[in-house]
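Enquirer: The structure that follows is given in the form of structure tokens.
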Amino acid sequence: MGDWNPELYLQFKSERTQPSIDLISRINQAEPRSIIDMGCGPGNSTQALVNRWPKSQVTGLDGSAAMIQQARQDYPHQEWIIADATTFETETRFDLVFSNAAIQWIPNHEELLTRLFNLLSENGTLAIQIPLFLDMPLGKIINKRANDDRWRAQTEGVLDLFTIHDVSFYYDILSKLFNSIEMWETNYMHVLNSHGSIMEMMSSTGLKPYLERLYSESDKNDFKEEVLKETIKAYPSQMNGKVLLPFKRLFFIGYK
């Protein structure tokens, strides 16, 4: 995929940051000395970590130069690294390895989770949140439209960019690595202004890889219009004109 758009991403900063805050609140660690936020984006989740543990050394890592540039601009006193989470090497061992809504873009989760485990200190903690985008009606709508005759040749292979498994898959991996595991799912009820807001929110994440494959701006607009029509049917407006977008997310914490 192309680079990410931090400005578009941060239009929905509150909705994107709240899962980080909720995950952080469940971590049972008094004062981790060193923390790394893998796939930190523009730094909103990293700042949530700093707010919880202001005395800790907190590092944000992301493969997107645009996202790290935004993070450095907004939080200039923190440490930021442009790197690929699948190849990142360091002699530092972290008391907390954290990742919010990032690993769904990384393949081979068994290998990835083992790699993240190896970054932990002796009594370290791994904490991860994954959006279960493909379980949602919206994710199914986008994938269904992408498989229509008009779009199939252009969008072929996009679904393979998502790596999302069920809770059983992650438990089997984590149970080999950690002494104690917590797992839960939450359905966030995002209150959005309109169905157009849903499209804006998804354009910087779940819709992004599909739109990037389309040949022209006209194609992009037509595809979004088709998805929007289905979205209006799947997510009816409320009496006050707002739209509720239930957003399902999986959380897990592993303690060594």
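The values are calculated or read from the model by the stated rules, or taken from the named source; none is laboratory data. Note that this is a predicted model, so its numbers are computed, not measured. Here the Cβ is made from the backbone with ideal geometry for all residues, glycine too, and neighbour counts use every protein chain on show.
Enquirer: Within segment 70-95, how many residues are at pLDDT 95 or above, under 23 Å from L112 (Cα atoms) and touching a helix residue (DSSP H, G or I) at 6+ places or on another chain (Cβ under 8 Å)?
Expert: 3
Enquirer: Looking at S45, S64, can you tell me which residue is among the polar types (S, T, N, Q), within 15 Å of the chain's Cα centre (by Cα), buried (at least 22 other Cβ atoms within 10 Å of the Cβ) and under 29 Å from L159 (Cα atoms)?
Expert: The conditions single out S45.
Enquirer: Here is a further query. At pLDDT below 95 and either among the basic types (K, R) or part of a helix (DSSP H, G or I) (or both): which single residue out of L159, L116 fits that description?
Expert: Exactly one residue qualifies, and that residue is L159.
Enquirer: Does segment 20-71 hold any residues that are in a strand (DSSP E or B) and either within 19 Å of L250 (Cα to Cα) or touching a Ser or Thr at 6+ places or on another chain (Cβ under 7 Å) (or both), and which are they?
Expert: Scanning segment 20-71 gives S34, I35, I36, D37, M38, Q57, V58, G60.
Enquirer: Continuing with this model, one more query. Taking the stated definitions as given, is F162 in contact (Cβ under 8 Å) with a residue 60 or more places away in the chain and under 26 Å from N118 (Cβ atoms)?
Expert: Taking the combined requirement at face value, the residue does not satisfy it.
Enquirer: Scan segment 42-70 residue by residue and report those that are touching a strand residue (DSSP E or B) at 6+ places or on another chain (Cβ under 6 Å) and in contact (Cβ under 8 Å) with a residue 60 or more places away in the chain.
Expert: Of everything in segment 42-70, just one residue is touching a strand residue (DSSP E or B) at 6+ places or on another chain (Cβ under 6 Å) and in contact (Cβ under 8 Å) with a residue 60 or more places away in the chain, namely A65.
Enquirer: Next question. With respect to the numbered conditions (1) in a helix (DSSP H, G or I); (2) in contact (Cβ under 8 Å) with a residue 60 or more places away in the chain; (3) touching a Lys or Arg at 6+ places or on another chain (Cβ under 8 Å); (4) not hydroxyl-bearing (S, T, Y), which one is the sole condition not fulfilled by L211?
Expert: (2)
Enquirer: Okay, next question. Look at segment 194-238 and say how many of its residues are over 20 Å from P19 (Cα atoms) and polar (S, T, N, Q).
Expert: So the count comes out to 7.
Enquirer: Return only the number of the condition from (1) surrounded by fewer than 17 Cβ atoms within 10 Å (Cβ to Cβ); (2) in contact (Cβ under 8 Å) with a residue 12 or more places away in the chain that K140 does not satisfy.
Expert: Answer for K140: the failing condition is (2).
Enquirer: Spot the failing condition for A85; the list is (1) surrounded by fewer than 18 Cβ atoms within 10 Å (Cβ to Cβ); (2) assigned to a loop (DSSP other than H, G, I, E, B), and only one is missed.
Expert: If we test A85 against (1) surrounded by fewer than 18 Cβ atoms within 10 Å (Cβ to Cβ); (2) assigned to a loop (DSSP other than H, G, I, E, B), just (1) comes out false.
Enquirer: Say whether the condition of being at pLDDT 95 or above and assigned to a helix (DSSP H, G or I) is met by at least one residue in segment 119-132.
Expert: Within segment 119-132 (the criterion being at pLDDT 95 or above and assigned to a helix (DSSP H, G or I)), the answer is no, since none of the residues qualifies.
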